[in-house]
Amino acid sequence: MINDASLTLIFVALVCLLLWRHRRKIEFQGAFPLLYVVLMRTGIGLKSMSRIANRFPRLFNGVYTAGIGIGFAGMALILVELVRVTIKLFQGGTSGVVPVLPIEAKGVFYVPFLYWIISIFVIALVHELSHGVAARTFKVPVRSSGIAFLCAVLPIIPAAFVEPDEEYLQKQGMKKQLGIFAAGALANIVFGFLFLGFALLTAWAVQDIVHAQGVSVTSVVDNSPASTAGLPEGMRITEVNGQEITDTRDLMEVLEASKPNQEWQLTTNETAYPFVLGAREDDANKAYMGLNLQDSVMITPRNVIDHAAIWLLGLFRWLFALNIGIALFNLLPIGPLDGGRMLKLVLDRWQKPKVWRFVSTAAFLLVIGNIAAGFI
């Protein structure tokens with residue numbers, strides 16, 4: 001059976017062949033050959049953007065205007081989170097920013113290949129289509145559109161792009177420009193929660209074939225009470241002090257009712273472990289384990305429809321998580337990212353270019369530092 005690593009290599013090879021075949025139509029941007037972007041202009045979707053914008057002009061005008069506030073709120077949220085995970089990193093925690101790839105490796109957030117490739121194409125389509133519709137809503141011409149690939153020596157991550165007429169755009173008011181910049185992330189957030197709704201409906205439909213089997217330990221935090229006790233990754237917790245644990249909610253209820261330095265007897269699918277709870281850093285009166293957990297379930301599909309529903313449930317969950325994650329990442333105030341263009345526009349109008357350069361450089365260094373730390 002072909003594994004995800006093989007599928008990824010096949011995908012990269014096919015992309016290389018595609019780019020070679022259309023080599024006269026592509027454009028390189030960035031630090032070739034290490035980190036760069038390949039653009040291939042196609043013009044796909046330009047007419048559709050205009051048709052969609054012209055059909056509901058008032059609706060889209062209001063939505064994209066409201067999206068400006070959502071964009072800045074998301075920017076603040078992701079900046080605070082970036083600072084928080086960086087502080088945790090210096091305190092001995094794990095990296096909070098990792099590339100999302102269909103490869104199981106240190107420093108990589110692994111997503112199964114089919115889920116990854118479908119999610120990337122859906123996210124790119126939704127994101128760039130929304131930029132184009134926003135541009136046409138505000139009567140800004142769209143020069144071109146196409147597909148792109150983010151490359152680290154070889155093309156790895158597929159993407160898309162829409163190019164509004166920059167000269168025309170820069171002559172527009174701040175509201176229109178901000179609405180266009182925020183449109184992509186706004187669409188990803190909206191569709192992310194739409195896919196969450198699909199996931200909840202699918203989970204409800206298959207609940208009779210999903211059976212709880214305790215709580216799995218996905219990782220053990222270094223220098224934590226669990227690490228000191230020698231608890232291993234991969235075990236499945238089924239009881240605490242004789243009390244049955246069916247899911248993470250059960251375990252959290254027991255933890256909240258416990259105190260620091262209290263002794264636990266953890267029963268797992270392998271053996272029993274004596275375990276002394278620690279105290280949380282932010283509240284010394286609350287107990288702390290040092291375990292990253294997820295529900296462990298047994299799925300018993302009865303037919304091909306059940307198998308398809310389970311697969312779709314996984315897809316909808318990834319589409320939710322990746323839409324939200326990529327939307328927030330795009331709102332970081334860094335260079336060419338949507339958030340970067342939004343903040344730069346505002347600070348330039350306030351004649352604060354030094355503030356923009358400081359914030360952009362700091363955010364970029366924090367992201368690069370977290371990514372690098374993940375591979376160390």
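The values are calculated or read from the model by the stated rules, or taken from the named source; none is laboratory data. No experiment lies behind these values; they were computed from the predicted model shown. Neighbour counts run over all protein chains shown; Cβ positions are idealised from the backbone, glycine included.
Okay, here's what the table says:
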item	result
Among (1) at pLDDT below 90; (2) exposed (fewer than 14 other Cβ atoms within 10 Å of the Cβ) - the single one Asn54 does not satisfy	(1)
Unmet criterion (only one of (1) within 22 Å of Phe364 (Cβ to Cβ); (2) touching a Gly at 6+ places or on another chain (Cβ under 6 Å); (3) of a type in the set (Phe, Trp, Tyr)) for Tyr64	(1)
Filtered residues of the stretch 252-286 (kept if among the polar types (S, T, N, Q) and surrounded by 11 or more Cβ atoms within 10 Å (Cβ to Cβ))	Ser258, Asn261, Gln262, Gln265, Thr267, Thr268, Asn269
Of all residues making up the stretch 18-51, the number that are modelled with pLDDT of 90 or more and of a type in the set (Ser, Thr, Tyr)	2
Subset tally (residues that are hydroxyl-bearing (Ser, Thr, Tyr) and either crowded, with 21+ Cβ neighbours inside 10 Å or not in a loop (DSSP other than H, G, I, E, B) (or both)) for the stretch 295-339	1
Conditions (1) in contact with a helix residue (DSSP H, G or I) (Cβ under 7 Å, 6 or more places away or on another chain); (2) assigned to a loop (DSSP other than H, G, I, E, B): number failed by Ala105	(1)
Residues of the stretch 29-45 satisfying the condition of being farther than 18 Å from Ser145 by Cβ, loosely packed, with under 15 Cβ neighbours inside 10 Å and either over 25 Å from the mean Cα position of the chain (by Cα) or of a type outside the set (A, V, I, L, M) (or both)	Gly30, Phe32, Pro33
Any strands (runs of 3 or more DSSP E) falling wholly within the stretch 123-230 and containing at least 1 residues that are within 23 Å of Asp348 (Cβ to Cβ)	142-152, 154-164
Index of the failed condition, Asp282 passing every other in (1) assigned to a helix (DSSP H, G or I); (2) free of Cβ contacts under 8 Å to residues at least 24 places away in the same chain	(1)
Long-range neighbours under 9 Å by Cβ, at least six apart or interchain, first residue over 11 Å from Thr218 (Cα atoms) and touching a residue at least 12 places away in the same chain (Cβ under 8 Å) within the stretch 231-248, second assigned to a strand (DSSP E or B) and among the acidic types (Asp, Glu)	Thr238/Glu244; Asn241/Glu263; Ile245/Glu239; Thr246/Asp295; Asp247/Asp295; Thr248/Asp295
Matching residues, the stretch 333-346, being in contact with a helix residue (DSSP H, G or I) (Cβ under 7 Å, 6 or more places away or on another chain) and in contact (Cβ under 8 Å) with a residue 12 or more places away in the chain	Pro333, Ile334, Gly335, Asp338, Gly339, Gly340, Arg341, Met342, Leu343, Lys344, Leu345
Residues that are outside any helix (DSSP H, G or I), of a type in the set (Val, Ile, Thr) and out of contact with any Cys (no Cβ under 8 Å at 6 or more places or on another chain), drawn from the stretch 4-52	Ile26, Thr42, Ile44
Selected residue [at pLDDT below 95 and under 25 Å from Leu178 (Cα atoms)] from Ile334, Ile299	Ile334
Residue among Leu178, Leu186, Leu200 that alone is under 29 Å from Asp306 (Cα atoms), of a type outside the set (Phe, Trp, Tyr) and assigned by TED's automatic domain parsing to the domain that holds Val122	Leu200
Every residue from the stretch 229-242 that is exposed (fewer than 13 other Cβ atoms within 10 Å of the Cβ) and on the phi < 0 side of the Ramachandran plot	Pro232, Glu233
Every residue from the stretch 117-172 that is at positive phi and among the β-branched types (Val, Ile, Thr)	Val153
